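> Before anything else, here's the structure in question.
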Amino acid sequence: MQPLVSKVPLMVVEGNHEIEKQVENQTFVAYSSRFAFPAKESGSSSTFYYSFNAGGIHFVMLGAYIAYHKSSDQYKWLERDLANVDRSITPWLVAVWHPPWYSSYNAHYREAECMMVAMEELLYSYAVDIVFNGHVHAYERSNRVYKYTLDPCGPVHIVVGDGGNREKMAVVHADEPGNCPDPTTTPDQHIGGFCAFNFTTGPAAGQFCWDKQPDYSAFRESSFGHGILEVKNQTWALWTWHRNQDSRSGIGDQIYIVRQPDKCPVRYTQTKRSYASI
C-alpha cells in the first residue's frame, strides 16, 4: 500500500488484522507506526481514536479493539469530542469503526454487541448521521436505526467490508434457516466479551437471530465493491455503492440520506478548540 498511501490522504481505523500480537504481548505495532493520525490535534492521546473535519463532515474514528466502556479514556474523549462539534460548520456527523453493530450476515454476527451497548446511546444523543464499518466481507446498508428499532433520528449504518480480500465473500445470512450462529461462538476476546443475548422485544423476541431479513436491513449484497459519499448541502447527502465488476457507470445501490435537525436535536457546547482538517 505504500505507493498509494504516500500520495493519497487516508484516514484509517484499526481492525482485527492489525492486532498482530508480538513479543511481550505487543499489538498494533505496525498500524501505529505506519500511519499518521491527527490524534493530538483532536484532543486524543491515542492512535486508536481521533477525529477530523473534511468539508462539511466531522468524522469520529473509534477503536473497537481497546477499552470503550463508560469509564474508559476513549469514551470520555468521545463525550468531549461530540460535545464540541459545531453543526453550523460541520453539519454532518459520521462515525467509523471496524466491526459492525448492524449486520445480518452470519459472519461476525453481533460480535461487537458490547461496544454497541456501551456507546450507541451516546452516538444517538448527538444525532450521528452515518456509521461506516468493515469486517464483514459483504455490503449492507441499514435504515435509520437505534437499538434494533427503526428510528428516524438513528444513524444509517453502512457495512462496506467488500473492497477485496483473499478470504472470499460473506454470503450466508443469519436469518436464513439453519444459519443462525451459536451464541457461544460469537465472543471475540479482543472486542470485549459477550453481550449478544436473545432479543427481548420486537419481531425476533426470544431469539438470537431474526427469521427474516431484519427490518433495519434495507439492502444487502455479497459482491466486491466500493462506495462514494457526496455531501450536497447541510441536510442532503448522496451515498452510492458500486460493484467492482460493473462498468464505471454502474450503480449497485444508491440513496439520499436526509438530515432532520429540527426533529432530531443535538446537544453540544461550542469551544475554541479547532479540529484537524483535510
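The values are calculated or read from the model by the stated rules, or taken from the named source; none is laboratory data. A quick note: this is a predicted structure, and the numbers were derived from the prediction, not measured. Note that we place each Cβ from the backbone using ideal geometry, even for glycine, and neighbour counts take in every protein chain shown.
> Please enumerate the residues belonging to the range 7-34 that are more than 20 Å from the chain's Cα centre (by Cα), of a type in the set (D, E, K, R) and part of a loop (DSSP other than H, G, I, E, B).
Result: Lys7, Glu20, Lys21.
> Quick one: which residue in Val136, Val128 is of a type in the set (A, V, I, L, M), closer than 20 Å to Trp236 by Cβ and surrounded by 17 or more Cβ atoms within 10 Å (Cβ to Cβ)?
Every option except Val128 fails the conditions.
> A further question on this structure: Step by step: first the residues of the range 1-18, then only those that are out of contact with any helix residue (DSSP H, G or I) (no Cβ under 7 Å at 6 or more places or on another chain) and either of a type in the set (Phe, Trp, Tyr) or surrounded by 16 or more Cβ atoms within 10 Å (Cβ to Cβ) (or both), then the one that is nearest to Val231 (Cα to Cα). Which residue is that?
That would be Met11.
> Can I ask one more? Within the range 35-53, which residues are touching a residue at least 24 places away in the same chain (Cβ under 8 Å), out of contact with any strand residue (DSSP E or B) (no Cβ under 7 Å at 6 or more places or on another chain) and not in a loop (DSSP other than H, G, I, E, B)?
Selection gives Glu41 alone.
> Among the numbered criteria (1) surrounded by 12 or more Cβ atoms within 10 Å (Cβ to Cβ); (2) more than 24 Å from Met61 (Cβ to Cβ); (3) at pLDDT below 95, which one does Ala218 miss?
So Ala218 meets the others, but not (3).
> Which is hydrophobic (A, V, I, L, M, F, W, C), in contact with a His (Cβ under 7 Å, 6 or more places away or on another chain), more than 17 Å from Ile255 (Cβ to Cβ) and touching a residue at least 12 places away in the same chain (Cβ under 8 Å), of Val136, Val96?
Values: Val96 fails: in contact with a His (Cβ under 7 Å, 6 or more places away or on another chain).
Result of the check over Val136, Val96: Val136.
> To continue, here is another question. Could you please give the count of residues in the range 101-117 that are among the hydrophobic types (A, V, I, L, M, F, W, C), surrounded by 20 or more Cβ atoms within 10 Å (Cβ to Cβ) and either at pLDDT below 95 or not in a loop (DSSP other than H, G, I, E, B) (or both)? Reasoning before the result, please.
Going residue by residue through the range 101-117, those that are among the hydrophobic types (A, V, I, L, M, F, W, C) are 101, 107, 112, 114-117.
Subset that is surrounded by 20 or more Cβ atoms within 10 Å (Cβ to Cβ): 101, 112, 114-116.
Filter again for either at pLDDT below 95 or not in a loop (DSSP other than H, G, I, E, B) (or both), leaving 112, 114-116.
Summing the residues that are among the hydrophobic types (A, V, I, L, M, F, W, C), surrounded by 20 or more Cβ atoms within 10 Å (Cβ to Cβ) and either at pLDDT below 95 or not in a loop (DSSP other than H, G, I, E, B) (or both) in the range 101-117 gives 4.
> Taking the range 154-168 as the region of interest, how many residues are surrounded by 18 or more Cβ atoms within 10 Å (Cβ to Cβ) and either out of contact with any Pro (no Cβ under 7 Å at 6 or more places or on another chain) or among the aliphatic types (A, V, I, L, M) (or both)? Break it down into steps so the answer makes sense when it comes.
Here is the first cut: in the range 154-168, the ones surrounded by 18 or more Cβ atoms within 10 Å (Cβ to Cβ) are 154-162.
Now restrict to residues that are either out of contact with any Pro (no Cβ under 7 Å at 6 or more places or on another chain) or among the aliphatic types (A, V, I, L, M) (or both): 154-156, 158-162.
Residues in the range 154-168 being surrounded by 18 or more Cβ atoms within 10 Å (Cβ to Cβ) and either out of contact with any Pro (no Cβ under 7 Å at 6 or more places or on another chain) or among the aliphatic types (A, V, I, L, M) (or both): 8 in total.
> For the range 183-221, enumerate the residues that are more than 14 Å from Thr149 (Cα to Cα), of a type in the set (Asp, Glu) and either assigned to a strand (DSSP E or B) or touching a residue at least 60 places away in the same chain (Cβ under 8 Å) (or both).
Across the range 183-221, the qualifying residues are Asp188, Glu221.
> What about Val171, is it closer than 16 Å to Leu229 by Cα and not polar (S, T, N, Q)?
no
> For residues that are outside any loop (DSSP other than H, G, I, E, B) and buried (at least 20 other Cβ atoms within 10 Å of the Cβ), tally how many sit in the range 75-96.
In the first step, residues of the range 75-96 are kept if they are outside any loop (DSSP other than H, G, I, E, B); the result is 75-83, 92-96.
Then drop every residue that is not buried (at least 20 other Cβ atoms within 10 Å of the Cβ), which leaves 77-78, 81-82, 92-95.
Final tally of qualifying residues: 8.
> Something else about it: Hey, does the range 140-148 have a residue that's under 23 Å from Ala205 (Cβ atoms), touching a residue at least 60 places away in the same chain (Cβ under 8 Å) and of a type in the set (S, T, N, Q)? Can you show your working first?
Step one: filter the range 140-148 for residues under 23 Å from Ala205 (Cβ atoms), giving 140, 142-148.
Narrowing further to those that are touching a residue at least 60 places away in the same chain (Cβ under 8 Å): 140, 142-143, 145, 148.
Keeping just the survivors that are of a type in the set (S, T, N, Q) gives 142-143.
Yes, the conditions are met somewhere in the range 140-148.
> Just checking, does the range 235-252 include any residue being modelled with pLDDT of 95 or more, in a loop (DSSP other than H, G, I, E, B) and closer than 19 Å to Val94 by Cα?
yes
> Being in contact with a Gly (Cβ under 9 Å, 6 or more places away or on another chain), under 22 Å from Val131 (Cβ atoms) and β-branched (Val, Ile, Thr): is that true of Ile191 here?
no
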